Amino acid sequence: MENDKSNEELRVGVFVCHCGTNIGGFVDVPSVAEYAKTLPGVVFAMDNLYTCAEDGLAAIKNAIKEHKLNRVVVASCTPRTHAPLFQATVEEAGLNKYLFTFVNIREHCSWVHMKEKEKATEKARDLVRMGVARVKLLSPQEEPRIPVEKSALVIGGGVAGMTAAHSLAKMGFPVHLVEKEKELGGFVRNLNNLYVTTKDATETIMPLIEKVKSHPNIKVYLNSKVSNVHGFIGNFDVKIKPNDKDEEVEHKVGSIIVATGAIEYTKEALYGYNVYKNVVTLTEFEIMCKNKTLPKVKNVAFIQCAGSRGQDVSYCSRICCNVAIKNAINIVDNYDNLLGIAEQTGKAVEEVPVEPKAPTEVLERRRRRSSRGRGREDEEVAEEVKRGPGERIEVTIFNRDIMSYGIAHELYFNKAREKRVRFVRYKPDRRPEVIMDGDKLMIKYFHETLAVEREMPVDLVILSTPLIAQPDAEDISRLLKVPCGQDGFFLEAHVKLRPVDFATDGVFVCGTARGPADITESIEQAEAAASRAATPLAAGYVQAEAIMAHVDQEICSGCGTCIDVCPYGAITKNEEGLAEVVAAACKGCGCCGASCPENAISMTNYTDEQLMAEALAALKEAI
Amino acid sequence: MSSEGEKKPGSTGGEGWEPNIVAFCCNWCSYAGADLAGVSRFQYPPNIKVIRVMCSGRVEPQFVLRALELGADGVLITGCHIGDCHYLSGNEKAEVRMKMTADLLEMLGIGRDRMRLEWISASEGEKFAETMREFTERIRELGPNPLTNGGEDSG
Ligand SMILES: Cc1cc2nc3c(=O)[nH]c(=O)nc-3n(C[C@H](O)[C@H](O)[C@H](O)COP(=O)(O)OP(=O)(O)OC[C@H]3O[C@@H](n4cnc5c(N)ncnc54)[C@H](O)[C@@H]3O)c2cc1C
Ligand code: SF4
Ligand code: SF4
Ligand code: FES
């Protein structure tokens with residue numbers, strides 16, 4: 001191992017960050033910096049308001065030059081997001097980036113000990129002492145450059161996957177696009193139209209499907225799944241298996257994008273689902289509209305947040321308010337059309353009995369209101385009722401609150417109101433109920449504003465159920481070694497800062513596989529994922545981390561324990577029967593190091609000595 | 001490593017004694033879980049200091065023994081849930097190894113309860129905080145590490 005500075009005097013610099021008030025508000029930061037100055041080997045220490053801001057980084061670089069620092073400790077937030085930034089900074093100042101140590105005094109200290117400033121300050125000092133103990137034992141490392149296979153794999157041929165594949169193809173990279181169904185398009189194929197247009201959904205995405213199919217850089221595998229993935233960024237060996245055959249095709253790719261989408265949640269007996277014939281989900285409704293097989297109806301009710309926001313799943317599915325509004329307007333504007341062929345072919349449900357347009361209390365209220373405003377006039381009331389939606393059809397959207405997020409959507413919400421779509425609020429502790437009264441489907445609900453129990457006859461109940469994770473997301477998760485969150489959707493590397501990256505290098509995620517999103521958002525994410533995936537492909541190489549195992553062959557007895565333990569088969573025996581690490585394959589987990597009976601294996605930057613120095617510093621005040 | 005001039009914060013028990021605990025957390029799940037606990041502002045006692053390792057499979061039994069020898073009142077090892085290890089199966093190795101270590105601690109009279117292995121995912125911030133609370137409480141019940149009584153150690 002290279003260690004050209006071993007004889008040099010250790011000159012440690014410590015930079016303690018306030019992170020505004022994030023750390024500074026709960027830890028006495030200046031005193032921690034003062035304390036750092038007292039530690040052996042530390043020749044410079046300072047506190048910064050924001051170490052990661054331009055002046056904070058400049059301060060590090062200046063101090064390295066001015067004080068001839070050869071080790072740097074930054075005590076601030078988490079290495080999982082900020083290590084690369086500080087490593088690049090010390091490198092710019094001419095210091096090998098492996099001579100840097102990160103100390104987390106925000107996530108692991110100030111934010112979790114907010115009510116005990118003194119103790120938090122003491123712990124911050126302990127953590128800094130641990131960092132200094134560690135940094136002194138580090139040695140400079142060279143990172144191996146590993147060549148990259150300049151092609152990509154995209155899993156899932158919905159809007160997101162197709163967009164990502166096409167984007168990469170346009171950049172000149174060969175793409176393998178794998179779709180488990182027999183055609184491209186994904187969930188959109190179920191839909192009637194897409195907000196905020198009235199155009200047929202499949203027609204809308206047809207140009208994209210055509211572009212993908214005809215692009216010379218894209219190879220589409222329909223009816224297929226990814227059956228095996230091995231390797232690491234730049235060098236993944238993937239196997240693609242057709243659903244109906246056993247022969248797999250093998251490819252090497254540099255990046256992988258997961259765009260496997262989501263499915264709609266359904267549950268037996270949720271608001272009468274699958275119990276009563278005319279209770280359907282949003283998607284089933286869209287399919288009926290698309291196929292023009294909508295039964296003749298008079299009263300339609302949407303129930304929003306069916307199964308979401310704490311009922312069955314915890315989250316808000318984000319798209320359903322806008323989707324319900326889209327469909328409500330459709331029903332009002334386009335009812336005859338939706339009936340379409342069904343009517344012609346006589347498949348429509350028999351005529352439903354006409355119900356009063358509005359319950360008597362409402363008529364009563366309207367009468368009172370209008371007579372207050374303009375005198376009396378019963379005729380006026382009658383007129384108002386007649387102007388109801390489409391004259392023939394009443395649409396009610398039961399909701400907890402309408403979230404018509406996005407620039408155009410509030411206007412659509414208003415448009416729906418103008419068209420007399422009724423929005424009736426309910427509270428989660430008093431949800432509407434779908435019941436059967438004789439042979440009539442009814443909704444029993446509590447009218448929040450009027451504070452009365454109500455019943456209303458309905459012909460069709462449409463449940464806005466949430467998008468949920470693909471049932472086989474776990475398989476992909478295992479295959480690619482990427483995590484799924486508590487709700488089953490794929491979990492990105494950082495909720496805020498790295499929305500389309502996985503923690504695993506070279507693997508990215510986009511579209512509804514990541515969580516509910518509409519098409520615009522899925523496309524945004526897909527373009528982002530494609531550009532992230534292209535980065536290593538364009539560079540042509542990746543710099544591997546230097547963190548890896550080294551076997552001291554003087555000590556190795558050739559027992560082979562490490563060979564059995566290594567999950568990557570990264571250790572082989574040389575001619576003398578002694579263990580040898582294959583640098584490009586080793587991932588640096590350290591499992592071999594922990595199991596070698598001879599203690600012949602050391603882990604770069606995580607040596608026994610370094611870890612124990614940290615432990616000692618955690619437990620004692622001297623280092 | 002020298003033991004001269006060392007001051008052990010409160011390791012002799014009695015009034016004002018505070019458990020001193022080190023946690024070896026794997027980088028990928030449990031360290032991220034600790035970060036999430038922070039981001040979510042889940043509060044826990046400040047007695048635990050985290051040492052980051054790449055994988056729970058990196059932790060050697062000697063690390064645990066040595067930490068106790070150096071004066072730790074408890075040692076925690078956290079990793080990804082079984083099946084979720086970033087390196088496929090490192091945590092399975094850790095499980096076997098740490099079970100052995102616990103048996104050894106029991107045999108040595110230190111007691112297996114001074115050590116704990118816990119799986120915590122990147123999305124389980126609350127579990128991380130809860131584990132820290134519980135383990136600190138447990139160590140508080142157990143009292144100071146018997147190896148450090150009288151302030152002797154082999155450092
Ligand atoms: C009722 C309803 C109405 C909607 N209306 C609108 C609207 O009006 N406007 C709008 O913008 N959005 C709308 N959306 C949202 C829209 O459907 C999604 O945003 C979009 O489909 C997301 O695209 P995607 O590519 O991420 O996922 P998907 O469209 O789900 O595509 C994923 C693809 O991956 C494939 N796949 C899954 N697993 C695997 C695997 N293991 N191997 C290979 N392939 C796999 C699937 O077969 C599928 O083809 C609506 C959604 C619903 C439920
Ligand atoms: S476990 Fe240790 S002694 Fe055995 S082969 Fe591997 S390096 Fe050599
Ligand atoms: S550190 Fe992990 S990946 Fe590398 S050789 Fe050892 S066991 Fe294999
Ligand atoms: S990486 Fe977390 S246990 Fe292996």
Problem set entry | Dipole in debye (nearest 20) - region B:18-150, about Cα centre, beta carbon charges: Lys, Arg +1; Asp, Glu -1 | 260 debye
For this session: Quick one: which residues, 5+ away or cross-chain, put their amide H under 5 Å from the amide H of A:Glu621? H built at 1.01 Å from N.
Result: B:Lys7
Seminar exercise, completed: Once the dipole of the protein assembly as shown is set up from charges on Cβ (+1 Lys and Arg, -1 Asp and Glu), the residue from the list A:Met162, B:Ala23, A:Asn278 lying farthest towards its positive end is A:Asn278
For this session: Sticking to Cα atoms, compute the Rg of region A:544-604 to one decimal and its Dmax as the biggest Cα-Cα distance, whole number, in Å.
Result: 10.1, 29
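Suppose R0 equals 22 Å; then what is the FRET efficiency for A:Ala83 and A:Arg11 from their Cβ-Cβ distance, rounded to the nearest 0.05?
That gives a FRET efficiency of 0.55.
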For this session: Just tell me which aspartates and glutamates come within less than 19 Å, Cα to Cα, of A:Lys213; anything on the same chain fewer than 8 places away is out.
Result: A:Glu179, A:Glu181, A:Glu183, A:Glu203, A:Glu527
For this session: Enumerate the amide H contacts of B:Ile77 below 5 Å, restricted to partners 5 or more residues apart or on another chain; note that Pro and chain-start residues carry no placed amide H.
Result: B:Phe24, B:Arg116, B:Leu117, B:Glu118
Problem set entry | Other protein chain Cβ atoms within 10 Å, averaged over every residue that makes up B:65-76 | 3
For this session: For peptide A:481-492, compute the average count of partner chain beta-carbon atoms within 10 Å of each residue's beta-carbon.
Result: 3
Seminar exercise, completed: Taking Cα pairs closer than 8 Å and at least 6 residues apart, the relative contact order of region A:74-196 in percent is 19 percent
Problem set entry | Percent of C-alpha pairs per 20 Å bin, the protein assembly as shown, short to long | 14, 38, 30, 15, 3, 0
For this session: In whole Hz, with x marking every Gly and Pro, tabulate ³J(HN,Hα) for region B:70-77 from phi via Karplus 6.51 cos²θ - 1.76 cosθ + 1.60, θ = phi - 60°.
Result: 6, x, 5, 8, x, 10, 10, 10
For this session: May I have the count of lysine pairs in region A:61-156 with C-alpha atoms under 20 Å apart, counting pairs 8 or more residues apart or located on different chains?
Result: 8
Exercise. How many Cβ atoms of partner chains, on average, are near each residue of B:55-63 if near means within 10 Å of its Cβ?
Worked result: 6
Exercise. For the Cα atoms of chain A, what angle does the longest principal axis make with the long axis of helix A:54-66, in degrees from 0 to 90, nearest 10?
Worked result: 10 degrees
Problem set entry | Dipole magnitude (debye, nearest 20) for region A:12-141, charges at Cβ of Lys, Arg, Asp, Glu | 380 debye
Exercise. Mind checking the angle between helix A:409-418 and chain A's longest principal axis? C-alpha axes, 0 to 90 degrees, to the nearest 10.
Worked result: 10 degrees
Seminar exercise, completed: HN-Hα couplings for region A:426-439 via Karplus (6.51, -1.76, 1.60; θ = phi - 60°), in whole Hz with x for Gly/Pro, come out as 9, 9, x, 8, 9, 6, x, 10, 9, 10, 10, 10, x, 10
Exercise. By how many degrees, between 0 and 90 and to the nearest 10, does the Cα long axis of helix A:360-374 differ from the longest principal axis of chain A?
Worked result: 80 degrees
For this session: Set Lys and Arg Cβ to +1 and Asp and Glu Cβ to -1, take the dipole of region A:12-141 about its Cα centre, and tell me which of A:Val42, A:Val27, A:Ala63 lies farthest positive.
Result: A:Val42
For this session: Show which lysines lie in cross-link reach of A:Lys298 when reach means a straight Cα distance below 24 angstrom and same-chain residues fewer than eight apart are skipped.
Result: A:Lys277, A:Lys290, A:Lys326, A:Lys347, A:Lys357, A:Lys386, A:Lys415, A:Lys419, A:Lys440, A:Lys444
For this session: For region A:453-515, run through the trypsin sites (Lys or Arg not before Pro) and keep only the ones in DSSP coil with at most 11 other Cβ atoms within 10 Å of their Cβ.
Result: A:Lys496
Problem set entry | Amide H contacts of A:Ile257 (H built 1.01 Å from N, under 5 Å, at least 5 apart or other chain) | A:Leu153, A:Val154, A:Ile155, A:Phe508
Exercise. Of A:Pro144, A:Asn217, A:Val178, which is farthest along the charge dipole of region A:76-218 in the positive direction, counting Lys and Arg as +1 and Asp and Glu as -1 at C-beta?
Worked result: A:Pro144
Seminar exercise, completed: In this structure, the FRET efficiency calculated for A:Lys277 and A:Lys427 from their beta-carbon separation, with R0 = 25 Å, to the nearest 0.05, is 0.30
Exercise. What list do you get for A:Arg430, A:Arg129 if you sort them by fewest beta carbons within 10 Å?
Worked result: A:Arg430, A:Arg129
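Only four residue types carry charge here, +1 at the Cβ of Lys and Arg and -1 at the Cβ of Asp and Glu. Report the dipole size of chain A about the Cα centre in Debye, rounded to the nearest 20.
2060 debye
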Problem set entry | Residues B:Trp119, B:Trp28, B:Trp17, sorted so that the one with the fewest Cβ neighbours within 10 Å comes first | B:Trp17, B:Trp119, B:Trp28
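Every read-out reported here was derived from the displayed coordinates using simple, explicitly stated rules and does not represent laboratory data. Remember, predicted model here, so these are calculated numbers, not experimental data. Quick reminder, even Gly has a Cβ in these numbers, built from the backbone with ideal geometry, and neighbours come from all protein chains shown.
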